[in-house]
Amino acid sequence: MIQQYDKYKQEDHAVWKILFDRQVDNLKDKASAMYINSLNTMSTVLNANQIPDFRRLDDFLLAKTGWSIEVVKGLIPVDDFFELLSNKRFPSSTWLRSRAQLDYLEEPDMFHDIFGHVPLLINEEYSDVMHHIGKLSKTRKYDKAFVQIMERFYWFTIEFGLIKEKEQRKIYGAGIISSFGESKAIYSAEVLVKPFSIYDVVNHDFTKSEMQQEYFEIDSIAQIRDALSYFENMI
Ligand SMILES: [Fe+2]
């Protein structure tokens, strides 16, 4: 499948611009420096002006860290997902929410997949972690308990992870980065944020349909890289 860029209408580009501008402004004091730097670095191919053209994104990503985008219709089976990561392919849908749906989505759209996930792929340390998650999950794909561990790990780090930067709570998880509401909510008193712990994360179930009740905060990307080494040595 490929992105059929010519099919996007003016309205789609206008919705993209609303989402992009609103969230960049909102994330100024909330997103991790790692994310903001990466987004700024990609500004020629990923910006508010128009829906990104995946061919241009691919050229940029391939030159930086060797990633590229695999167009998918929507959510894909977990084995296929990890297989793609093991090949440095990141799955993205090509549809975009409507103006009436700016803040409610049943399935991830292109704004989540691209704005939320793709910028960090040009960060080398993060890119290595993503690649490692894919390779490790793929080699143990017949071990369902292990795959579940990797799914939970991915969920509470890559999708919904927080990071402590200069003693402040910052966001790097793509699910929060791409959500106007959730990126504000993680600063509310009702939200529980725990220091990242392998034990807590792998024993924590999650639902995709509701906002998270608990989040895990890392000190650095090295912490999740070390967790992967731990998983690698698990029997
Ligand atoms: Fe995601």
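Observations on the structure shown:
- Residue within the stretch 88-97 that is under 29 Å from Glu165 (Cβ atoms) and touching a residue at least 60 places away in the same chain (Cβ under 8 Å) present: no
- Selection within the stretch 135-168 - β-branched (Val, Ile, Thr) and either within 16 Å of the ligand (Cβ to nearest atom) or farther than 30 Å from Lys184 by Cβ (or both): Thr139, Val147, Ile149, Thr157, Ile158
- Only one of the numbered conditions (1) in a loop (DSSP other than H, G, I, E, B); (2) in contact (Cβ under 8 Å) with a residue 40 or more places away in the chain; (3) under 17 Å from the mean Cα position of the chain (by Cα) is not met by Ser38, and that is (1).
- Flag for Glu124 being away from the ligand (no atom under 11 Å from the Cβ), at positive phi and out of contact with any Lys or Arg (no Cβ under 8 Å at 6 or more places or on another chain): no
- Where a residue in the stretch 102-113 is over 17 Å from Asn47 (Cα atoms) and its partner, wherever it lies, is within 14 Å of the ligand (Cβ to nearest atom) and part of a loop (DSSP other than H, G, I, E, B), with Cβ under 7 Å and at least six apart: Glu107/Gly74; Glu107/Leu75; Pro108/Ser93
- When restricted to residues that are within 15 Å of the ligand (Cβ to nearest atom) and either more than 15 Å from the chain's Cα centre (by Cα) or more than 25 Å from Met34 (Cβ to Cβ) (or both), the stretch 97-119 contains 4.
- Selection over the stretch 75-95 of residues that are outside any helix (DSSP H, G or I), more than 11 Å from the ligand (Cβ to nearest atom) and buried (at least 21 other Cβ atoms within 10 Å of the Cβ) gives a count of 1.
- Restricting attention to the stretch 130-162, the residues that are of a type in the set (Val, Ile, Thr), closer than 18 Å to Ser32 by Cα and surrounded by fewer than 22 Cβ atoms within 10 Å (Cβ to Cβ) add up to 1.
- Scanning the stretch 57-74 for residues that are of a type outside the set (Asp, Glu) and surrounded by 14 or more Cβ atoms within 10 Å (Cβ to Cβ) yields Leu57, Phe60, Leu61, Lys64, Thr65, Trp67, Ser68, Ile69, Val71, Val72.
Table: residues versus (1) β-branched (Val, Ile, Thr); (2) over 20 Å from Asp109 (Cα atoms).
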| residue | (1), (2) |
| --- | --- |
| Gln168 | no, yes |
| Ser183 | no, no |
| Pro195 | no, yes |
| Thr207 | yes, no |
| Met211 | no, no |
| Glu214 | no, yes |
| Ser229 | no, yes |
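- Wholly within the stretch 130-221, helices (runs of 4 or more DSSP H) carrying at least 1 residues that are touching a helix residue (DSSP H, G or I) at 6+ places or on another chain (Cβ under 7 Å) and farther than 30 Å from Asp103 by Cα: 144-154, 198-202
- Close Cβ contacts (under 9 Å, 6 or more residues apart or on different chains) running from residues in the stretch 174-186 that are at negative phi and near the ligand (Cβ under 9 Å from one of its atoms) to residues that are in a loop (DSSP other than H, G, I, E, B) and polar (S, T, N, Q) comprise Gly175/Gln212.
None of the figures in this text is laboratory data; all of them are computed from the coordinates on show. Since this is a predicted model, take the numbers as computed values, not measurements. Don't worry about glycine lacking a Cβ; one is built from the backbone with ideal geometry, like all the others, and counts go over all protein chains shown.
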